[in-house]
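Q: Here it is, the structure in full.
The values are calculated or read from the model by the stated rules, or taken from the named source; none is laboratory data. Just so we're clear, the structure is a prediction, and the values are computed from it rather than from any experiment. Note that each Cβ is placed from the backbone with ideal geometry, even for glycine, and that neighbours are counted across all protein chains shown.
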Amino acid sequence: MDTLLQLVFSGIALGMIYAVVDFGYQLTFATSGTLNFGQGEALMLGALVGLSLVGTIHGGPYMSYWLMIPIVVVFGALQGMFVEWIAVRPAIRIKSEFGWIMSTIALAIIFKNVAENIWGKDVLPFPSPLSSTPFEVFGAKVQTMQVAVIVGALLIMAAVELFNRKSIYGKAVVATASDRDAAGLMGINTRMVITFSYALSSATAAFAGALIAPLTLTSATMGASLGLKAFAVAIIGGLTSGVGAIVGGIILGVAETATGYYLSTGYKEVPGLVLLLLVLAIKPSGLFGKTAIKKV
Amino acid sequence: MNLKLLLASLLALVALFAFPTLVPNPYYIHLAETILIYAILLFGLDIVVGYTGQVSLGHAGLFGVGSYVTGVVVVKLGLAWYVAVPASIAIAALFGAVLALPALRVTGPYLAMVTLAFGTIIQILINEMTWLTEGPMGITLTKPALFGHELNEVQYYYLVAAFMVAALLVVHSLLKSHLGRAFEALRDSPIASDCMGVSVYRYKVYAFVISAGFAGLAGSLYAYSEQYISPNTYHFELTILFLLAVIMGGRKTRSGALLGAVIVVLLPSLLADIDLFRRIAVGAAVLAVVGSAIALARRRTTPRRVAVPVIATLLLTAVSFKLDNMIDWRLTIFGLMTLFVVYYLQDGIVGFLRQLAGRGPRHASAVAVSPGSDPFAGTAVAAGASTLLQVDQVLMQFGGLKALNRVDLTVMRQSVHGLIGPNGSGKSTMMNVLTGIYQPTAGTVAFEGAAITGRTPARIALSGIARTFQNVQLFGEMTALENVLVGLHHTFRSTVLDAMVHSPRYMREERAARKRAAAILAFVGLADLANEEARNLPYGKQRLLEIGRALGLNPQLLLLDEPAAGLTAPDIKELIAIIRKIRAHGITIVLIEHHMDVVMAICDTVTVLDFGQKIAEGSPAAVQADAKVIEAYLGGSVGSISSPGNPAPHQVPG
Amino acid sequence: MLSIHNLQAAYGKVQVLHGISLEVPKGQLVTLIGSNGAGKTTTMRAISGMLKPQSGSVTLGGRDITGLDSHQIARAGLAHSPEGRRVFGNMTVTDNLLLGAFPRYAGARPRGDIARDLEQALALFPRLQERRTQLAGTLSGGEQQMLAMARAVMLNPEVVLLDEPSMGLAPILVEEVFRIIARLKSEGVTMLLVEQFAAAALHVADYGYVLENGRIAVHGPAAQLQDDPKVVAAYLGGGQAH
């Protein structure tokens, strides 16, 4: 029973990271109808840049973990703007779905290759800012960092939601997602909104990377599977609902950790795909998504 | 097939089979074999990516399925290649169906996401299921045995070459058939495709399953070729290479797939040799700079547009001289090449060369109209109840907005029924409800006595209702003839296999369809434009072509959505004449139109909608004089231009 | 205030506007009427930047705004209440109105007192006042039209473009809409009104242009046009050549 609780807790922590990455997908999908197939790489770069700042690999440590976080977020934002400028904007202009899918993938493999050359291909240890001695909750051993991950993920998603609801600029983003032409008539520069949503999307991914790094194996290859899992979350939870992202993330995270323990670590990726296919077959818009009536 | 092409193909065939004799080095023979195997997969991938425009990120996985099915069948089950190869094809195709059936039901990047997941999972499963696949240890095979004699390297090469040629012919036949037209149609205009009876969903699935089969075949041949397979061959990088090959070589061409295969197979060796790479980088930079300078001088482009390729190639050259080897940067090179091709070389190298040579893609050319061929053959004037279409209390609600508010409509057989009303009155909504694009919130639609509410647009089209669109929805990259042939898609009973080999049944049906299409084109006055790409036709002709395409469905009911919009006066005269002739053949017509002259000239009955409701119905003259109609169009209550007792001077029907 | 000169526009291959010219003097209500397919909405879109004109010019208060992006034109002071309302369905009435004032927040237009303007707009449209926290997508057609007009006014614009405000509305709501338009006119708002309901439009306007097949067929003071038989002919056919 204790093991189960522990697995559930680890699963939730992992699932929250998936949720944050999926949240990033939703941000850009809402405003531009596109998403970044290299979102996992944005997370990976966040983790590795963070490592360079707080670890010894590049002559550091240069600062504490908590100071590193805002720097990584800014880096993520810049990286997101770069992706939008190079990969997405030209595709939107020629209205090609194939275009942005292929070019965000192309950028993803470039980022991964560059990361491999800068940080090497090996797994690197990430210094944890919090004590790694676990404390007990209902008999299960829980690490403080896991709690930090869950809290951090919820905080960032809440912050973005708050921004969307309270700030006029946030409302401008929601308006762009709702009706881009009408938003333009309001004096909203919708091109900049799209750039902003990509910046925000990568920034949250980078933040998630810095959060999860102390708990997991940090390397240049960590991004690919995370981005993919977040796709599964996007399909399970729906590409339009923040709540769906969290619920979908938790379902996937728990399923994965449970499979990894009870079956074998090799198989832990499998429930994601099975769930994904099931949901697509039964309710394509996801458990929480809305089926839109297409107007012709 | 023209003489030049035939000669070139023969030459290529000779070179292909003479290769091992000319270059006896087994390393190069094996390399050529790999190129041919990749080409087989790429032929299939091109159907998905080049024709239907979908992105598949899992073809390396399907390739792996093919290899491992062969490995397991041969090594574990001890069966021969003539069991292994078909099994690989079948099982890969099955996986393709499992992926495509759910993923393609929704629009969006879902196929890409699902196939990405699939590719990852397959590699993991192959790794983990050691009881079946030997996991990371891999499976070792020997070459297949033909008549008890195990093939050697050169003989296996010939076998692979034969398979490649067969695959090429099969794919080519398939894509030149009605199925190939369906694939192109669903990409050019999905909505028109559905309304012409070609279900977009179904054909996207066909395309993916067929490509999966080819990937399985390639995988099977690959297993024999390498004689050793292991899980880490079938990784994401391989999928990217496949995609790069298709788009760099050139989509929608077989030569593009072959060229792409050559490039990606030779690429790693190229990157290993840094001197060769440097020379090529310099060459590319020179090409970019000189090409851009010429284009700028001729004012064909702007500095902004050439900035990126020029800077990129210069940077690449600089970097290649700074580094000692490019192998570590292999993936970056792939990524950069992909970016470049996606934005600057959208039709690939073959497409680019064709453009330079001034030639576009080849199309099926039209036959001459044979005398006595009837454009309306197959459209039986069905006797039946006099009411053809019955719309009962249809309600169409979007959120709080009632676009159609409990409308009744009765269309009599063989009449021309006009549907008019001010902007926003619900006419186009009605059109979309009748053709199944919208499901009504309430109410029913019955056609020839049977309820059609709830059917898909493709099924409704095949039941005998054809339509044209307010914003012309032609298949732009296809010729006028090919557009009409898509309308005639339903006349083909041939299966995928018939199409792949151009069986006698298929040839018969194709010939009949072409004759009928020629007759239809002559009927709408487009006989001499039959081989023109639809997007190059003048606007008036495009509208007539849409009508011709709709006639191909052998409709009992033809729905015309603002056919006169944007037409000049002589075009409108031609349109009216054609509509009259269609009606004379017994086809019922419903016409949405704003040009009152057209409505008055040809309609028997006119229904007027306003605010989602029917406000008047009757003969054109009666409707034109109806006070409620005048009020609906011009506004009555707040100061009238013409009130019921005071008609405006020019109300005489003319 | 708003000057259009020899404007030509096309959708793809279809030439819709063949060179139209019109003037909207400050403080006046000018109406552009014509049957469906004449090009009225195309004209509006070409003015507000939703569609790039092929040639011709659009000048707002002396400033050339031809060919600019729609958000730049809005920031210059041209508010467009588009065909079909296009309110932001998943946002509240209040949020929709605040977004109308977006350029004022962003500094592109003089800020003024946005909160006060919001209350004034809601006072002008009592039905919206009752529903200020409701999601715009749940409003009826008439209420959405009022929201779209109020949203346009929130910009404190130089000119308001009203595109077919009566479309799809029941007669009683059409009356209300035109009452509001008359009220706005009395407050000195410069407006260009595109309408299919020629009678109502000419009744409330100062000046009118009749559009037919992408050309101005006839124009003049609204009172004169009301009695002009050419106007009816342009709508219901019968008589004139294409």
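Q: Keeping to segment C:76-103, report how many residues are buried (at least 24 other Cβ atoms within 10 Å of the Cβ), within 8 Å of another protein chain (Cβ to nearest Cβ) and within 21 Å of C:G168 (Cα to Cα).
A: Total satisfying the criteria: 3.
Q: Got at least one residue in segment A:100-110 being farther than 19 Å from A:E84 by Cβ and crowded, with 17+ Cβ neighbours inside 10 Å?
A: Among the residues of segment A:100-110, not one is farther than 19 Å from A:E84 by Cβ and crowded, with 17+ Cβ neighbours inside 10 Å, which makes the answer no.
Q: Next question, about the same structure. So is B:Y51 closer than 29 Å to A:A106 by Cα and not aliphatic (A, V, I, L, M) or not?
A: Criteria met by B:Y51.
Q: Against the condition at pLDDT below 80, part of a helix (DSSP H, G or I) and out of contact with any Asp or Glu (no Cβ under 6 Å at 6 or more places or on another chain), how does B:A318 come out, does it pass?
A: no
Q: Specify the residue that is farthest from B:L559 (Cα to Cα); the eligible residues are those in segment B:430-454 that are more than 9 Å from every other protein chain (Cβ to nearest Cβ) and among the β-branched types (V, I, T).
A: It comes out as B:T441.
Q: Given (1) more than 13 Å from chain A (Cβ to nearest Cβ); (2) closer than 17 Å to C:L17 by Cβ; (3) buried (at least 20 other Cβ atoms within 10 Å of the Cβ); (4) of a type outside the set (F, W, Y), where does C:L60 come up short, assuming only one miss?
A: Against the list (1) more than 13 Å from chain A (Cβ to nearest Cβ); (2) closer than 17 Å to C:L17 by Cβ; (3) buried (at least 20 other Cβ atoms within 10 Å of the Cβ); (4) of a type outside the set (F, W, Y), C:L60 comes up short only on (2).
Q: Need a quick list: helices (runs of 4 or more DSSP H) entirely within segment A:177-296 having at least 1 residues that are farther than 30 Å from C:N156 by Cβ.
A: Fully inside segment A:177-296 and qualifying: A:190-212, A:222-237, A:242-262, A:270-282.
Q: Also, I was wondering about something else. Is at least one residue of segment A:243-266 without any contact (Cβ under 8 Å) to a residue 60 or more places away in the chain, within 21 Å of B:L104 (Cα to Cα) and buried (at least 23 other Cβ atoms within 10 Å of the Cβ)?
A: Within segment A:243-266, none of the residues are without any contact (Cβ under 8 Å) to a residue 60 or more places away in the chain, within 21 Å of B:L104 (Cα to Cα) and buried (at least 23 other Cβ atoms within 10 Å of the Cβ).
Q: I need the full set of residues from segment C:154-184 which are part of a helix (DSSP H, G or I) and of a type in the set (A, V, I, L, M), in order please.
A: Within segment C:154-184, C:I172, C:L173, C:V174, C:V177, C:I180, C:I181, C:A182, C:L184 qualify.
Q: May I ask you to verify whether A:M68 is away from chain B (no Cβ under 12 Å), among the aliphatic types (A, V, I, L, M), within 19 Å of the chain's Cα centre (by Cα) and surrounded by fewer than 19 Cβ atoms within 10 Å (Cβ to Cβ)?
A: no
Q: Against the conditions (1) assigned to a helix (DSSP H, G or I); (2) free of Cβ contacts under 8 Å to residues at least 12 places away in the same chain, where does A:Y62 fall short? Just the number, please.
A: Result: A:Y62 fails condition (1) only.
Q: Suppose we filter segment C:130-153 for residues that are in a loop (DSSP other than H, G, I, E, B) and surrounded by fewer than 23 Cβ atoms within 10 Å (Cβ to Cβ); how many remain?
A: 5
Q: Within segment B:184-208, how many residues turn out to be closer than 23 Å to B:G61 by Cα and basic (K, R)?
A: 2
Q: Follow-up. Within the group B:L462, B:L474, which residue is buried (at least 17 other Cβ atoms within 10 Å of the Cβ), modelled with pLDDT of 90 or more, out of contact with any Ser or Thr (no Cβ under 6 Å at 6 or more places or on another chain) and in a loop (DSSP other than H, G, I, E, B)?
A: Exactly one of B:L462, B:L474 is buried (at least 17 other Cβ atoms within 10 Å of the Cβ), modelled with pLDDT of 90 or more, out of contact with any Ser or Thr (no Cβ under 6 Å at 6 or more places or on another chain) and in a loop (DSSP other than H, G, I, E, B), namely B:L474.
Q: Which pairs have Cβ atoms under 6 Å, sit 6 or more apart or on different chains, and link a residue in segment C:21-44 that is basic (K, R) to one that is assigned to a loop (DSSP other than H, G, I, E, B) and surrounded by fewer than 24 Cβ atoms within 10 Å (Cβ to Cβ)?
A: Filtered contacts from segment C:21-44: C:K26/C:M1.
Q: Among the candidates B:Q414, B:Q397, single out the residue that is part of a strand (DSSP E or B), at pLDDT below 90, surrounded by fewer than 23 Cβ atoms within 10 Å (Cβ to Cβ) and in contact with a Ser or Thr (Cβ under 6 Å, 6 or more places away or on another chain).
A: Checking each option against the conditions leaves just B:Q397.
Matching residues to (1) more than 33 Å from the chain's Cα centre (by Cα); (2) in a helix (DSSP H, G or I); (3) within 7 Å of chain A (Cβ to nearest Cβ):
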| position | (1), (2), (3) |
| --- | --- |
| B:V98 | no, yes, no |
| B:V106 | no, no, yes |
| B:V114 | no, yes, yes |
| B:A117 | no, yes, yes |
| B:I126 | yes, yes, no |
| B:P136 | yes, yes, no |
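Q: Got a number for residues in segment C:1-42 being β-branched (V, I, T) and within 14 Å of chain B (Cβ to nearest Cβ)?
A: Number of matching residues: 6.
Q: For residues that are touching a residue at least 60 places away in the same chain (Cβ under 8 Å) and more than 10 Å from every other protein chain (Cβ to nearest Cβ), scanning just segment C:164-183, find the one that is farthest from C:K26 (Cα to Cα). Working first, answer last.
A: Just the residues of segment C:164-183 that are touching a residue at least 60 places away in the same chain (Cβ under 8 Å), to begin with: C:164-165, C:167, C:181.
Subset that is more than 10 Å from every other protein chain (Cβ to nearest Cβ): C:165, C:181.
Working: C:P165: 21, C:I181: 16 Å.
This residue is C:P165.
Q: Answer with yes or no whether A:L162 is touching a residue at least 24 places away in the same chain (Cβ under 8 Å), surrounded by fewer than 21 Cβ atoms within 10 Å (Cβ to Cβ) and among the aliphatic types (A, V, I, L, M).
A: no
Q: Looking at segment A:1-20, which of its residues are over 23 Å from A:G244 (Cα atoms) and either of a type outside the set (A, V, I, L, M, F, W, C) or surrounded by 17 or more Cβ atoms within 10 Å (Cβ to Cβ) (or both)?
A: A:D2, A:T3, A:Q6 - these are the residues of segment A:1-20 that are over 23 Å from A:G244 (Cα atoms) and either of a type outside the set (A, V, I, L, M, F, W, C) or surrounded by 17 or more Cβ atoms within 10 Å (Cβ to Cβ) (or both).
Q: Looking at segment B:226-258, which of its residues are surrounded by fewer than 22 Cβ atoms within 10 Å (Cβ to Cβ), part of a helix (DSSP H, G or I) and either more than 14 Å from chain A (Cβ to nearest Cβ) or of a type in the set (V, I, T) (or both)?
A: Once the filter is applied, which keeps residues that are surrounded by fewer than 22 Cβ atoms within 10 Å (Cβ to Cβ), part of a helix (DSSP H, G or I) and either more than 14 Å from chain A (Cβ to nearest Cβ) or of a type in the set (V, I, T) (or both), segment B:226-258 yields B:E226, B:T233, B:R254, B:S255.
Q: Here's a follow-up. Suppose we filter segment B:321-347 for residues that are within 12 Å of another protein chain (Cβ to nearest Cβ), out of contact with any Pro (no Cβ under 9 Å at 6 or more places or on another chain) and part of a helix (DSSP H, G or I); how many remain?
A: Result for segment B:321-347: 12.
One line per residue, one yes/no per condition, for (1) farther than 20 Å from A:I168 by Cα; (2) more than 20 Å from the chain's Cα centre (by Cα); (3) polar (S, T, N, Q):
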position	(1), (2), (3)
C:G107	no, yes, no
C:D113	no, yes, no
C:A121	no, no, no
C:V160	yes, no, no
C:P165	yes, no, no
C:I172	yes, yes, no
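Q: Can you pull out every residue in segment B:167-208 that is over 30 Å from B:S220 (Cα atoms) and part of a helix (DSSP H, G or I)?
A: Listed by number, the residues that qualify are B:A185, B:L186, B:R187, B:D188, B:P190, B:I191, B:A192, B:S193, B:D194, B:C195, B:V200.
Q: Right, something else. Given the condition without any contact (Cβ under 8 Å) to a residue 40 or more places away in the chain, surrounded by fewer than 15 Cβ atoms within 10 Å (Cβ to Cβ) and among the polar types (S, T, N, Q), answer yes or no: does some residue in segment B:104-122 qualify?
A: There is at least one residue in segment B:104-122 that is without any contact (Cβ under 8 Å) to a residue 40 or more places away in the chain, surrounded by fewer than 15 Cβ atoms within 10 Å (Cβ to Cβ) and among the polar types (S, T, N, Q).
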